[in-house]
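A quick write-up on the structure given underneath.
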Amino acid sequence: MAGKLTEDDLIPVAGGGLLHRRLFLQGGLVLATAQTATSLGAEEAPKPETEDPADPSWIHRTGLPFSGYGTPSKYEKYVVRNTGGNRAPAGDGVSWTPLEDLEGIITPSGLHFERHHDGVPDIDPAVHRLVIHGLVRQPLEFTVANLLRYPMRSRFLFIECGGNSNAGWHEEPIQRPVGNFHGLVSCSEWTGVPLSILLDEAGVDAKASWVIAEGADAGLLNVSLPLAKLMDDAIVALYQNGERVRPENGYPLRLIVPGWEGITNVKWLRRLHVTDAPAMTRNETAKYTELQPSGKARMFTFVMDAKSLITSPSPGQKMHGANIYEIRGLAWSGRGKIAKVEVSADGGKSWGEAHLQEPVMAQCFTRFRSAWAWDGQAAVLKSRATDETGYVQPERDVLVKERGREGYFHYNAIVCWAIDEDGTISHVYA
C-alpha cells in the first residue's frame, strides 16, 4: 500500500485489526480491495502477446463516432441486474441491483431494482392521465404535459422493497452475492411535483385522512397511504437521475414516498382517491401484514428502518493475502439521516466507527468506509447503522425473537460475512 502513514495510524481501534477512520482524511492513501475476476475486466482483457500496454492498438486508429444515447463499455458487460422469481405471467418477478459492483450512492437508472406484478406497461404519455378525486372540493385530471409545467423538487432518495433481504429469515444463511440477496434497494435523484400542491389545488375535505394510490399496470396495483404523509413530502416524479423516468421504473409518472417501503411508491401512477379509511386491499391484508409471536399482526409498517451492509469484501469476492484492506458498504434509513456506522472484524466483540462519505442526506444511501489490517486469519465482518433518531440496527437473533418467523418483510438485521484463511468469503449467522 501507499500513503503517508505513521505508526499511530496503524494501531487498531477495535479487535481484528480495524484502523481509525481518520485514514480516509489523508491524501494518497491506497488500500487493497477484495476482488472478483470480472471486477478487473478479466473476461475481456487483451492478451499480453497481442497488446503492448505502452503502445496499444487503439491509439493508432480513429475511435467510434457519436451516439444518440450513451451505453456502458463492453468491458463492463457483467454489471447487470440479475432477474429472478418470475412466474406466469413472465412480467411477474424481480430484478436485483448489483450493489457489489457499484460505487458512490447513486444507482444508474438502468440498474435500479424492479418488482413487477403484471409486467411493464407500454404507456403513451400523450394519453396517460392522473386523476385526483373522492373527498375533494373539485376532482382534477392532469395530463403529463400539464404536470411538466408545475414547479418541481429534486431529492436524492432510496427506494427499498419491503421484501428485500427476506432470505435472512431462513434457518440457514443463503450464499449469494450481495446484490442477489439485498439488491431490492436502489438510490436515485427523483424530480417531480410535490403532491401537496396538487392536493391543495383539488381542495381536500376536512374528513379525509387516507389516499388510495393506483397504478396503470394490468393488475391496477393500489395501496392505501395516510394523507398526512403525502401532504408532507411525497412527489409525483417525472424524472430520475436527470432524465425522464424509465418504463420499468414507472414512466411516465411515479409516486415517490420518501423512506417508505417500495410498494407505496406506486409506478405508472394514474389515480389518487382521497378517502377517510384505508381500502384494505390484498397488498395490505394478505400481504404486508405479519403475524407476530404475541398473536398480534403488524400492519401498515410503512417506514424502512435503518440498515447497513458491507459490499466489499463480500460473498463472490476473494481476499488476496494479508494486507490493509478497504471495507466499504452502504447504509440507509427511512427515518432520516445515518448518524454513524460501526464495523466489527471480530464478529461483534468490538466495534470501530467507519468514515461516512459526504454528502450524508436523509432517506438516502450513505457510503461508509473503514480500513482493516487483515492478518490472514479467519475473521467475521459486520456493520451496524445508527440513524439520527437513535435507532440502532439490530442483531439477527434480536430481530427474530421480536418478530418470529411468520413474517416476510422488513428484514434489517446486521449482516455477517466470514473470511476464511484462504480469502474465501461466505454469509454466516453470528
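Protein heavy-atom accessible surface, 1.4 Å probe, per residue over the chain: 45 Å². Short to long, the 5 Å bins of the Cα pair-distance histogram for region 129-298 hold 2, 8, 16, 20, 19, 15, 10, 6, 3, 2, 0 percent of all pairs. Placing a label point 7 Å from the Cα of residue 357 along the Cα-to-Cβ line, the residues of region 180-195 whose backbone N sits under 16 Å from it are 186-189. The C-alpha radius of gyration of region 172-266, expressed as a fraction of 2.2 N^0.38 Å, stands at 1.25. For residue 138 and residue 106, the FRET efficiency from 1/(1 + (r/R0)^6), where r spans their Cβ atoms and R0 equals 35 Å, is about 0.35. Of all DSSP beta bridges confined to the chain, the antiparallel ones make up roughly 90%.
Based on the Kirkwood approach, the hydrodynamic radius assigned to region 119-179 is 16.7 Å, with every pair of different Cα atoms included. Among residues other than residue 184 with Cβ under 13 Å from its Cβ, the summed charge is +1 (Lys and Arg +1, Asp and Glu -1).
Computed from the C-beta positions of residue 92 and residue 145 and an R0 of 41 Å, the FRET efficiency is 0.80 to the nearest 0.05.
Tell me the net charge near residue 243. Cut-off is 15 Å between Cβ atoms, residue 243 excluded, with +1 for each Lys or Arg and -1 for each Asp or Glu. For residues surrounding residue 243, the net value is +1.
Each listed q (0.18, 0.22 Å⁻¹) maps to a log10 I(q)/I(0) for region 270-382, found by the Debye formula over equal Cα scatterers with no solvent: -0.96, -1.16. Summarising the label geometry, the points placed 7 Å from Cα in the beta-carbon direction at residue 77 and residue 22 lie 4.8 nm from one another. Where (i) 1.12; (ii) 1.07; (iii) 0.94 are the candidate values, the label of the one calculated here for Cα Rg over 2.2 N^0.38 Å is (ii). A Cβ-based charge dipole, computed about the Cα centre of region 129-298 with Lys and Arg at +1 and Asp and Glu at -1, lands at about 280 debye. Quick one: if the Förster radius is 25 Å, what FRET efficiency do residue 124 and residue 69 give, using the C-beta to C-beta distance and rounding to 0.05? The value I calculate is 0.80. Highest mean packing comes first when the peptides 146-153, 178-185, 357-364 are listed by Cβ atoms within 10 Å, giving 178-185, 357-364, 146-153.
The values are calculated or read from the model by the stated rules, or taken from the named source; none is laboratory data. All figures in this text were calculated on a predicted structure; none of them were measured in a lab. Because the Cβ atoms are built from the backbone with ideal geometry, glycine has one as well, and the counts that use them run over all protein chains shown. SASA here: full protein model, heavy atoms, side chains in, ligands and nucleic acids out. Shrake-Rupley method; radii C 1.70, N 1.55, O 1.52, S 1.80 Å.
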